[in-house]
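Okay, structure first, notes after.
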Amino acid sequence: MPEPLRLGIAGLGTVGVGVVKIVQNHAELLRLRTGREIAITAVSARDRTKNRDADISGYAWETDPVALAGRKDIDVFVEVMGGANGPAKAATEAAIAAGKDVVTANKALLAHHGQALAEAAETAGRVIRFEAAVAGGIPVVKALTEGLAGNRLKRVMGVMNGTCNYILTRMENAGLPYEAVFEEARQLGYLEADPSLDVDGIDAGHKLSLLASIAFGTKVSFDAVELEGIGHVSIEDIRRAADMGYRIKLLGVAQMTGRGLEQRMSPCLVPAESPLGQLQGGTNMVVLEGDSVGQIVMRGPGAGQGPTASAVMSDVIEIARGSRIATFGQPALSLVDAIPAKAAAPAPYYLRMELLDKPGALAKVAAVLGDAGISIDRMRQYGHADISAPVLIVTHKTTRDAIDLAIRGFAATGVVEGQTVAIRIEEV
Ligand code: NAP
Ligand code: HSE
């Protein structure tokens with residue numbers, strides 16, 4: 001029987017305790033599946049006195065995760081503390097320097113330092129695995145690096161922040177405004193300690209940047225992800241979009257185009273009947289499109305103790321079996337700099353405006369759209385008690401620049417009140 005694979009776990013919060021539970025509860029299953037014992041040698045967290053909801057009395061304790069990373073009696077450093085810098089980065093670097101493989105759930109760390117860490121690990125002959133960092137329990141990293149490795153990837157997209165999907169679906173189902181549901185999410189403990197990571201699209205953007213690197217063979221370029229959060233999505237747009245057969249999702253899209261790598265994380269309309277449109281609550285969904293396979297849709301829990309620990313363990317098992325996959329699916333030194341696309345590919349847009357009810361008003365709006373080179377696909381005007389009427393327009397494919405030009409044009413007509421809302425419709 002080969003030697004046991006010895007883990008050092010840094011972080012005993014939601015995910016770390018989940019990992020401890022799986023190692024303890026599934027010891028025999030893990031041995032059968034890997035051909036060796038998986039053992040925890042040492043653990044680290046800030047507060048040794050905290051009740052951990054798992055028996056950790058048999059493990060050595062390190063208060064300093066860097067010290068844990070350097071211990072001679074561990075083979076794999078499991079980083080489940082979090083944070084793009086600080087102890088997570090220092091300890092991961094220390095682990096690589098000490099010749100350990102690394103398993104992490106930390107998307108922020110890899111979105112900011114993934115290339116440097118992958119190069120360091122590969123130079124040292126070590127691996128970094130990060131299944132849990134993207135879409136929690138959904139095995140999307142393995143799908144891309146293994147299952148779809150024979151494909152040229154065309155597009156990767158998905159809903160990868162459960163909190164935002166919870167907020168948007170709850171707004172629609174309960175008819176509540178953003179602020180009320182945000183507060184509800186806070187009470188339920190769904191929000192990150194810094195909620196902007198969720199609602200400004202940063203957390204989901206981190207995840208998208210990691211998938212884009214694997215899919216397109218490019219260095220992780222989180223700074224090039226176009227980010228737009230959900231804070232300005234109104235209940236009115238959620239309702240009106242539903243009337244037109246759409247749902248609003250915080251959707252991440254990465255695709256390699258002739259104009260460069262497009263990476264966007266922003267509220268988009270998707271057809272209500274599509275798998276993405278049907279996604280409710282905190283669930284995640286990732287859609288992968290390859291030249292040979294076509295489209296794959298993966299749906300599942302994007303967070304929580306069990307799902308995230310399940311993903312961490314899949315990486316531990318991979319290492320225990322002797323698999324040595326490069327961090328981003330190909331050698332880090334072969335990843336190329338991504339040339340960011342300057343603008344998103346053309347798409348249909350949803351426009352909502354308040355139009356003054358007077359003769360010729362609609363003709364003026366149509367003329368502005370025509371002058372901007374935008375063709376109307378569908379239009380709806382609502383009944384109204386006031387001097388202005390809500391008008392919705394779904395355009396044919398156009399560019400964001402043309403939409404912005406038209407919005408400036410509307411303001412000059414004298415028949416459009418307030419700010420026109422424009423949301424991209426993603427073809428899924
Ligand atoms: P958490 O519950 O806040 O736990 C963090 C743990 O790290 C705590 O045990 C904490 O110690 C420990 N820690 C923090 N700073 C430390 C330091 N300087 N030295 C030693 N220990 C330190 O976090 P989590 O939810 O488990 O998340 C962990 C990682 O998984 C993050 O990168 C997160 O983004 C990622 N992730 C989480 C989920 C999820 O559903 N929770 C899903 C996907 C990915 P104390 O307990 O003593 O304070
Ligand atoms: N805040 C994240 C979410 C946790 O809501 O999806 C999992 O990464």
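On the given criteria, is R408 touching a residue at least 12 places away in the same chain (Cβ under 8 Å), among the basic types (K, R) and out of contact with any Cys (no Cβ under 6 Å at 6 or more places or on another chain)?
no
Could you go through segment 344-354 and let me know if any residue there is farther than 28 Å from Q263 by Cβ, assigned to a loop (DSSP other than H, G, I, E, B), charged (D, E, K, R) and touching a strand residue (DSSP E or B) at 6+ places or on another chain (Cβ under 7 Å).
no
Can you name every residue in segment 165-196 that is crowded, with 18+ Cβ neighbours inside 10 Å, free of Cβ contacts under 8 Å to residues at least 24 places away in the same chain and within 15 Å of ligand 1 (Cβ to nearest atom)?
Across segment 165-196, the qualifying residue is only A185.
Looking only at segment 42-60, decide whether some residue is part of a strand (DSSP E or B), touching a Lys or Arg at 6+ places or on another chain (Cβ under 7 Å) and within 20 Å of E3 (Cα to Cα).
The answer is yes; a qualifying residue exists.
Would you check which residues across segment 127-147 are more than 16 Å from ligand 2 (Cβ to nearest atom) and surrounded by fewer than 23 Cβ atoms within 10 Å (Cβ to Cβ) and list them?
Scanning segment 127-147 gives V127, K142, A143, T145, E146, G147.
Answer with yes or no whether M256 is under 30 Å from G329 (Cα atoms), hydrophobic (A, V, I, L, M, F, W, C) and either at pLDDT below 95 or surrounded by fewer than 23 Cβ atoms within 10 Å (Cβ to Cβ) (or both).
yes
Suppose we filter segment 102-116 for residues that are buried (at least 24 other Cβ atoms within 10 Å of the Cβ) and not polar (S, T, N, Q); how many remain?
Residues meeting the conditions: 8.
Quick one: which of G150, G201, G205, G162 is surrounded by fewer than 23 Cβ atoms within 10 Å (Cβ to Cβ), of a type outside the set (S, T, Y) and at pLDDT 95 or above?
Step by step, each of G150, G201, G205, G162 is checked, and only G150 is surrounded by fewer than 23 Cβ atoms within 10 Å (Cβ to Cβ), of a type outside the set (S, T, Y) and at pLDDT 95 or above.
How about segment 356-380: which of its residues are in contact (Cβ under 8 Å) with a residue 60 or more places away in the chain and touching a Lys or Arg at 6+ places or on another chain (Cβ under 9 Å)?
R380
Collect the residues in segment 140-160 that are among the hydrophobic types (A, V, I, L, M, F, W, C) and part of a helix (DSSP H, G or I), keeping them in residue-number order.
V140, V141, A143, L144
Is there a residue in segment 159-174 that is away from ligand 2 (no atom under 13 Å from the Cβ) and acidic (D, E)?
yes
Condition check ((1) farther than 22 Å from K397 by Cα; (2) within 16 Å of ligand 2 (Cβ to nearest atom); (3) among the hydrophobic types (A, V, I, L, M, F, W, C)) across all residues:
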| site | (1), (2), (3) |
| --- | --- |
| G281 | yes, yes, no |
| G304 | yes, yes, no |
| S323 | yes, no, no |
| M353 | no, no, yes |
| K358 | yes, no, no |
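Any residue in segment 29-49 that's under 11 Å from T63 (Cβ atoms): show its pairings with residues that are of a type in the set (G, A, S) and part of a loop (DSSP other than H, G, I, E, B) at Cβ separation under 8 Å, as long as the two are six or more apart or on different chains.
Listed pairs, sorted by first residue: S44/G11; A45/G11; A45/G13.
Return the residue satisfying two criteria in turn: it lies in segment 60-70 and is farther than 17 Å from I96 by Cα and in contact with a Gly (Cβ under 9 Å, 6 or more places away or on another chain), and of such residues it is surrounded by the fewest Cβ atoms within 10 Å (Cβ to Cβ).
A60
The values are calculated or read from the model by the stated rules, or taken from the named source; none is laboratory data. Because the structure is a prediction, the values reported are computed rather than measured. Cβ: placed from backbone, ideal geometry, glycine included. Neighbour counts: every protein chain shown.
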